[in-house]
Amino acid sequence: MSQPENHPVLESSGDSPVEHAIERVLFLSRWLMAPFYLGLAFALMILLYEFARGIVHLVHVLTGPGHDDIIIGILALIDLSLIGNLLLMVMFAGYESFVSKLHVADHADRLDWMGQIGFGDLKLKLTTSIVAISAIRLLETFMNLENVTDRNLAWTVGIHGTFVLSALVLATMERLMHK
């Protein structure tokens, strides 16, 4: 894949040929991240399979007597969709931040936030998604309280609290950095 001739890193600016070669290799090495994002796309397909299994399970639960099982099943589906959204955010924002621009500006379905999320914004979105996923897990635990030990409940609450605290600290740090 040829790079534009006028790119500052690829232009010769009086540097030694060795320095120029090192800079070129470092700049082009960003493409080593592309397989990671393709792997995340594959993980999204696996998540879709798990979502389909969850739908099938939910249909089977509908015929049973317990409405708590239906709510837990729905929460599990919401959990999977949030994880899918998380994967999409990391794939798109990561690819555009670290590899190359996605050339979909004229596509009718282009997402409004594409190309506008920086690394700090991505960290905040990831953290808030993790808090939401953790909250759903905590709610699932509360819905199934009779089958949960006090120790597991305490760990679930503690881990969720840690995620919430981490999100608050990260959001505060980002806000202070932008002032």
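Do we find a residue being farther than 24 Å from Phe142 by Cα, loosely packed, with under 12 Cβ neighbours inside 10 Å and of a type in the set (Phe, Trp, Tyr) anywhere in the stretch 96-112? Show your work before the answer.
From the stretch 96-112, those farther than 24 Å from Phe142 by Cα are 96-112; that's our starting set.
From what is left, the residues that are loosely packed, with under 12 Cβ neighbours inside 10 Å are 101, 103, 105-109, 112.
Those still in the list that are of a type in the set (Phe, Trp, Tyr) too: none.
No; the residues of the stretch 96-112 include none that is farther than 24 Å from Phe142 by Cα, loosely packed, with under 12 Cβ neighbours inside 10 Å and of a type in the set (Phe, Trp, Tyr).
What residue, of Met177, Met173, is surrounded by fewer than 17 Cβ atoms within 10 Å (Cβ to Cβ), more than 21 Å from the chain's Cα centre (by Cα) and in a helix (DSSP H, G or I)?
From the options Met177, Met173, the qualifying one is Met177.
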- request: Answer yes or no: is there a residue in the stretch 145-153 that is surrounded by 16 or more Cβ atoms within 10 Å (Cβ to Cβ), at pLDDT 85 or above and not β-branched (Val, Ile, Thr).
  value: no
statement: Note on the stretch 123-150: residues within 14 Å of the chain's Cα centre (by Cα) and without any contact (Cβ under 8 Å) to a residue 12 or more places away in the chain are none
query: How many of the residues making up the stretch 58-98 are part of a helix (DSSP H, G or I), of a type outside the set (A, V, I, L, M) and at pLDDT below 90?
result: 13
- prompt: Which ones in the stretch 14-34 are surrounded by 10 or more Cβ atoms within 10 Å (Cβ to Cβ) and either outside any helix (DSSP H, G or I) or within 16 Å of the chain's Cα centre (by Cα) (or both)?
  reply: Asp15, Met33, Ala34
message: Here's a check for you: in the stretch 38-57, which residue that is over 20 Å from the mean Cα position of the chain (by Cα) and within 19 Å of Arg137 (Cβ to Cβ) is modelled with the lowest pLDDT?
response: His57
- prompt: Taking Leu153 and the conditions (1) more than 27 Å from Tyr49 (Cβ to Cβ); (2) without any contact (Cβ under 8 Å) to a residue 12 or more places away in the chain; (3) more than 19 Å from the chain's Cα centre (by Cα), which numbered condition does it fall short on, given that it satisfies the others?
  reply: (2)
message: Which residue is farthest from Ile74 (Cα to Cα), if the candidates are limited to the stretch 117-160 and must be among the acidic types (Asp, Glu) and touching an Asp or Glu at 6+ places or on another chain (Cβ under 9 Å)?
response: Asp121
Residue count for the stretch 99-128, restricted to those that are in a helix (DSSP H, G or I) and at pLDDT 85 or above: 2
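The values are calculated or read from the model by the stated rules, or taken from the named source; none is laboratory data. If you're wondering where the values come from, they're calculated on a predicted model, not measured in any experiment. FYI the Cβ positions are ideal-geometry reconstructions off the backbone, even for glycines, and counts take in every protein chain you see.
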